[in-house]
Amino acid sequence: MDKLLDRFFNYVSFDTQAKANVKHVPSTEGQLKLARALQQEMIVLGFERVSLSEHGCVMGTLPGNVSWPVPAIGFISHLDTSPDFSGKHVTPQVVENYRGGDIALGIGDEVLSPVMFPILHQMLGQTLITTDGKTLLGADDKAGIAEILTAMVRLKQQKIPHGDIRVAFTPDEEVGKGAHFFDVAAFDAAWAYTVDGGGVGELECENFNAAAVTVKIVGNNVHPGSAKGVMVNALSLATRFQQALPAEETPEHTEGYQGFYHLNSIKGNVERAEMHYILRDFEREGFEARKRKMIEVAQQVGRGLPRDCYIEVAIEDNYYNMREQVAEHPHVIQLAQQAMRDCDIEPVMKPIRGGTDGAQLSFKGLPCPNLFTGGYNFHGKHEFITLEGMEQAVAVIMRIATLSAERAKR
């Protein structure tokens, strides 16, 4: 196995699943364990200024090897995996020279099928790394970590010209807190790239505006035999609330630049119910309109409730679209595009239907578009990545480092 794959398999062996609605960062101990392991690995590899913050952010520098001044650039990936699916006891499968058709995951109870995932038709002849059907894979974003460190090692071994390169691995990206405690001043880079994207060639410099919404409903429970005029069923109110939102504006009915309302979880009984939504929209005006809609629906559904029954809506903004911040630094995108073309990859400019740490960091003054990892179907048991895609990501990272040094020499 290539060292790149060895690294990746090592990192996915750490259970770093993030937890939502946890006040401390990182939200899970497993993230700190991986952070400490990466800190030690970077020290052994000869990185300088290696640090681990109290919030689990690892930083380090691959020192430049050229005689002329070059702005420091950065590469960033995240430690955690999604709370949506288990990341414990990940057992990757390697499928060499994929010939098409279904791939049995584990003992075959689950399959990775091109019928459900047509992208597999484009993977013929490649080496696929899949799950065993019981967990997610963790390519989001441990592939990014493996690709960044492998690129740094190869730059050093091959003595390829580059300036100072800052590397960082962040916690809790999946729950929107990854960049809250990121010290941009300490990172000290002119610009950076998150390596947290999907298919080969993806280059993203715009993302959703995002908010989390908690809807708490308090009803009144009495015996159903004598409930007339007295019972207020919180679950019934919850269903009415959901039905009052636009049915076609959900993740399963939207694509491209279309935003959505997403009911992420619901729990409760007659007395109390709680619903968790995420709101997404690329345009700030549409984003604000979606938040207003949630309040309007609460007022509509809650109209006429008895005094002690109510619907409460709490909205928390998570991150905003980084488009305008990155647009002020066009060379950052142009450099990545040129690097991809130099590696025989056609850049695919597309919006992120989600977010990355780069969104928050761009608003903190660190322009930070997103590069591909070569992975697909993140956040679930059908997640997979190709070794070829990972190698291409490594090549692009190395080429960006070289081009930034060449640009500074002109």
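Using only Cα atoms, locate the centre of the range 261-307 and the centre of the range 11-51, then give the distance between them in Å, rounded to an integer.
35 Å
Using the basic label-point model (7 angstrom from Cα toward the beta carbon), what is the residue 13 to residue 102 distance in nanometres?
Modelled inter-label distance: 3.2 nm.
Enter the accessible area per residue of the range 1-129 (Å², integer; probe 1.4 Å; all protein chains in place).
On the way: 6430 Å² over 129 residues.
Heavy-atom SASA per residue in the range 1-129 reads 50 Å².
Which three extents, in angstrom, do the Cα atoms of the chain have along their principal axes, listed largest first?
83, 48, 36
Based on the Cβ-Cβ distance from residue 37 to residue 409, what FRET efficiency comes out when R0 is 25 Å, to the nearest 0.05?
Details: r = 36 Å, r/R0 = 1.46.
Computed FRET efficiency for residue 37 and residue 409 comes out at 0.10.
Spin-label point model (7 Å from Cα, Cβ direction): what's the residue 255 to residue 6 distance in nm?
4.2 nm
Return the long-range amide H neighbours of residue 202 (sequence gap of 5 or more, or a different chain), with a cut-off of under 5 Å between placed amide H atoms.
Answer set, sorted by chain and number: 348, 372.
Taking all protein chains in place and a 1.4 Å probe, what share, in percent, of the accessible surface of the chain do carbon and sulfur account for? Mind dumping the intermediate values first?
Details: 9000 of 18140 Å².
On the chain, the fraction of accessible area on carbon and sulfur atoms equals 50 percent.
When only DSSP loop residues count, what GluC sites (Glu not before Pro) in the range 223-290 have their Cβ near at most 11 other Cβ atoms within 10 Å?
On the way: sites: 248, 249, 252, 255, 271, 274, 283, 285, 288; in loops: 248, 249, 255, 271, 283.
Those satisfying the criteria are 248, 255.
Expressed as a whole number of Å, what is the distance separating the alpha-carbon centroids of the range 188-220 and the range 326-380?
Answer, in whole Å: 12.
Check which residues have an amide H placed less than 5 Å from residue 193's amide H, if you skip close sequence neighbours.
Amide H to amide H, under 5 Å and 5 or more residues apart or across chains, residue 193 pairs with 74, 75, 76.
Under the Kirkwood approximation for Rh and a Cα-based Rg, what ratio Rg/Rh is obtained for the range 282-410?
Numbers: Rg = 21.2 Å, Rh = 18.3 Å.
When Rh is taken as the Kirkwood radius, the ratio is 1.16.
Could you pull out the GluC sites (Glu not before Pro) across the range 1-93 that fall in loop regions by DSSP (anything but H, G, I, E, B) with no more than 10 other Cβ atoms inside 10 Å?
Details: sites: 29, 41, 48, 54; in loops: 54.
For GluC sites (Glu not before Pro) across the range 1-93 that sit outside H, G, I, E and B with at most 10 neighbouring Cβ atoms in 10 Å, the list reads 54.
Hey, what's the per residue convex hull volume over the C-alpha atoms of the range 31-111, in cubic angstrom? Could the numbers behind the result be given before it?
On the way: hull volume 16.3 nm³, N = 81.
About 201 Å³ per residue, rounded to a whole number.
On a full-extension model of 0.36 nm per residue, what is the gain between residue 324 and residue 188, subtracting their alpha-carbon distance, rounded to one decimal in nm? All intermediate terms of the calculation are to be shown ahead of the outcome.
On the way: separation 136, 0.36 × 136 = 48.96 nm, distance 2.14 nm.
Between residue 324 and residue 188, full extension yields an extra 46.8 nm.
Around residue 272, what is the net charge, scoring Lys/Arg as +1 and Asp/Glu as -1 over all other residues with Cβ under 15 Å from its Cβ? It would help to have the intermediate numbers written out before the result.
Numbers: positive: 216, 267; negative: 271, 274, 308, 312.
Overall, the nearby charge balance is -2.
Determine the gain in length on full extension of the stretch residue 264-residue 308; use 0.36 nm per residue of separation and subtract their C-alpha separation, reporting nm with one decimal. Please report the intermediate quantities before stating the final value.
Working: separation 44, 0.36 × 44 = 15.84 nm, distance 2.69 nm.
That pair, residue 264 and residue 308, stretches by 13.2 nm at full extension.
Using the heavy atoms of the protein chains and a 1.4 angstrom probe, tell me the accessible area per residue for the range 254-410 in square angstrom. Please list the in-between numbers first.
Values: 7360 Å² over 157 residues.
Per-residue value: 47 Å².
Once you put a point 7 Å from the Cα of residue 288 and another 7 Å from the Cα of residue 342, both along the Cβ direction, what distance in nm separates them?
For residue 288 paired with residue 342, the spin-label model returns 4.3 nm.
Could you tell me the calculated FRET efficiency between residue 334 and residue 364, based on Cβ-Cβ distance and R0 = 25 angstrom, to the nearest 0.05? List each step's numbers first, then the result.
On the way: r = 22 Å, r/R0 = 0.89.
Working from the Cβ atoms, E equals 0.65.
If I ignore ligands, DNA and RNA and count only protein heavy atoms, how much of residue 205 is accessible to a 1.4 Å probe, in Å² to the nearest 10?
30 Å²
Please report, to two decimal places, log10 I(q)/I(0) for the range 12-161 at q = 0.16 Å⁻¹ as given by the Debye formula with identical point scatterers on the Cα atoms and no solvent.
Normalising to I(0) and taking log10 leaves -0.99.
What is the range 73-204 by shape, rounded, prolate or oblate, if you read a ≥ b ≥ c off the alpha carbon gyration tensor as root eigenvalues and call it rounded for a/c under 1.5, prolate for a/b larger than b/c, and oblate otherwise?
Since a/c reaches 1.5 and a/b is larger than b/c, the shape of the range 73-204 is classed as prolate.
The values are calculated or read from the model by the stated rules, or taken from the named source; none is laboratory data. It should be emphasised that the depicted structure is a prediction, and the values quoted were computed from it without experimental measurement. Counting neighbours? That spans all protein chains shown, and the Cβs are built from the backbone with ideal geometry, glycine included. SASA here: full protein model, heavy atoms, side chains in, ligands and nucleic acids out. Shrake-Rupley method; radii C 1.70, N 1.55, O 1.52, S 1.80 Å.
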